[in-house]
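Written out below as structure tokens is the structure these notes cover.
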Amino acid sequence: MRRIGNMKLEHLLALRSVVLGSVVFVAIVFSGAARAADPACSATTGPHTTALVELYTSEGCDTCPPADHWLSSLFSQGFRPDQVVPLALHVDYWDYIGWKDPFGRAEFSVRQRKLAAMRRPVIVYTPQVLLQGQDFRRWASGDFAGEVARINFRAARARIALAIRTVEPKAIRADLSATLFDPAEQKNAAVFLAAYENKLASEVKAGENRGRRLAHDFVVREWIGPIVFGERLKVEESRALPLLPGVDPKNLGVAAFVQNRSTSEVLQALMLPACAGS
């Protein structure tokens, strides 16, 4: 047998096999540990743009129930979560006419007014649908599908990743990562994070919808943002989104989107229903 220095070649080959085997074993263990650490409930945006659909609504508005039903039916109409992210933001400015919307939030009224102020004429109304940050009055027509298709055709301008770590009695704990592709958008871009709830309903006792039972889906229950990018093109956050007592985890989810705060244009959106066991 040929020698290399004082060691036989067969010994070198045997040692090489042991070393390689150890490396492979370590790699397998590390890979398994990495997979175990990854949350089972996660989602990431793809190469194309997903459309954000914001419905500004109120239980005190008698023209809102058809829009609420329309928003709830988007996925049964054939749309997919990688095409549209629907959110219902209940405003509070109709509460004075006799019925206080239990899902209404003053901050959603403020957001609606701020977005309207970026356009002329400035109009705030309910039900109002914003598609990709823009007023879209033809939501009940076939024009909606065509506009969503145009938005989906555009290449993504940001990447979003969401992971739900746990759904606890008082909070959803979620990890967010958002990355901008164009440094020119860094100054005005921000990320918004929302916890939403499905299968909500109210027996309305007063106001314009008195005597009606109103059902809602994708109702925003907690809102975080704007989260700015600062000096980087990437935002990474771990947040606890508070929940009201008695919520059913099967009806919960988290949504995130990146928006230009100077133009209201939405660059990318993502939604993640709470997974079993999260």
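The values are calculated or read from the model by the stated rules, or taken from the named source; none is laboratory data. Everything numeric here is computed off the predicted structure, so don't read it as measured data. Here the Cβ positions follow ideal geometry from the backbone for every residue, glycine too, while neighbour counts run over all protein chains shown. Accessible surface is based on the protein model in full, side chains and every heavy atom, while ligands, DNA and RNA are left aside. Shrake-Rupley method; radii C 1.70, N 1.55, O 1.52, S 1.80 Å.
Report, as a whole number in µm² per second, the diffusion coefficient that Stokes-Einstein gives for region 38-114 at 25 °C and 0.890 mPa s using the Kirkwood radius over alpha carbon pairs.
It comes out at roughly 172 µm²/s.
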(request) Collect residues whose amide H, placed 1.01 Å from N in the peptide plane, falls under 5 Å from the amide H of Gln268; neighbours closer than 5 in sequence don't count. (result) Val258
(request) Provide the per-residue ³J(HN,Hα) series for region 71-79, in order, calculated from phi with Karplus coefficients 6.51, -1.76, 1.60 and θ = phi - 60°, each as a whole number of Hz, with x at glycine and proline positions. (result) 4, 4, 8, 4, 6, 6, 6, x, 6
(request) Leaving ligands, DNA and RNA out of it, report the carbon-plus-sulfur percent of the accessible area of region 57-140 at a 1.4 Å probe. (result) 58
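If region 115-256 were replaced by its equivalent ellipsoid, with semi-axes equal to the square roots of 5 times the Cα gyration tensor eigenvalues, what would those be, largest first, whole Å?
Details: eigenvalues 162, 122, 41 Å².
Values for region 115-256, descending: 28, 25, 14 Å.
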(message) Given the options Ser202, Ala184, Trp139, identify the residue whose Cα lies farthest towards the positive end of the charge dipole of region 126-231 (+1 on Cβ of Lys, Arg; -1 on Cβ of Asp, Glu).
(response) Ser202
(request) Could you go through region 204-213 in sequence order and give the Karplus-derived ³J(HN,Hα) for each residue, using 6.51 cos²θ - 1.76 cosθ + 1.60 with θ = phi - 60°, rounded to whole Hz, and x for Gly and Pro? (result) 7, 9, 7, x, 5, 9, 3, x, 9, 9
(message) Under the rule of at least 5 residues apart or a separate chain, name every residue whose amide H is placed under 5 Å from the amide H of Ala51.
(response) Val84, Val85
(request) Quick one: which residues, 5+ away or cross-chain, put their amide H under 5 Å from the amide H of Ala274? H built at 1.01 Å from N. (result) Leu252, Gly253, Val254
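Quick one: compute the contact order of region 119-223, relative version, from alpha carbon pairs under 8 angstrom and 6+ residues apart, as a percent.
Details: 98 pairs, mean separation 15.7, N = 105.
Here the relative contact order equals 15 percent.
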(request) Give me the distance between the Cα centres of region 94-143 and region 240-257, rounded to whole Å. (result) 23
(message) Please list 3J(HN,Hα) in residue order for region 172-185, calculated via the Karplus relation 6.51 cos²θ - 1.76 cosθ + 1.60 where θ = phi - 60°; whole Hz, with x for glycine and proline.
(response) 9, 9, 10, 10, 10, 9, 9, 10, 8, 8, 10, x, 5, 8
(request) Rank these residues by their accessible area, most exposed first, probe 1.4 Å: Met271, Met118. (result) Met118, Met271
(message) What figure, in Å² to the nearest 10, do you get for the accessible area of Asp95 with a 1.4 Å probe and non-protein molecules left out?
(response) 30
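Accessible area per residue, 1.4 Å probe, Å², for region 124-278: what's the number?
Values: 7240 Å² over 155 residues.
Ligands and nucleic acids excluded, the figure is 47 Å² per residue.
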(request) At a Cα cut-off below 20 Å, give the lysines reachable from Lys114, other chains included and same-chain residues fewer than 8 away excluded. (result) Lys187
(request) Grab the other residues whose beta carbon is less than 15 angstrom from that of Arg113, score K and R as +1, D and E as -1, and report the net. (result) +2
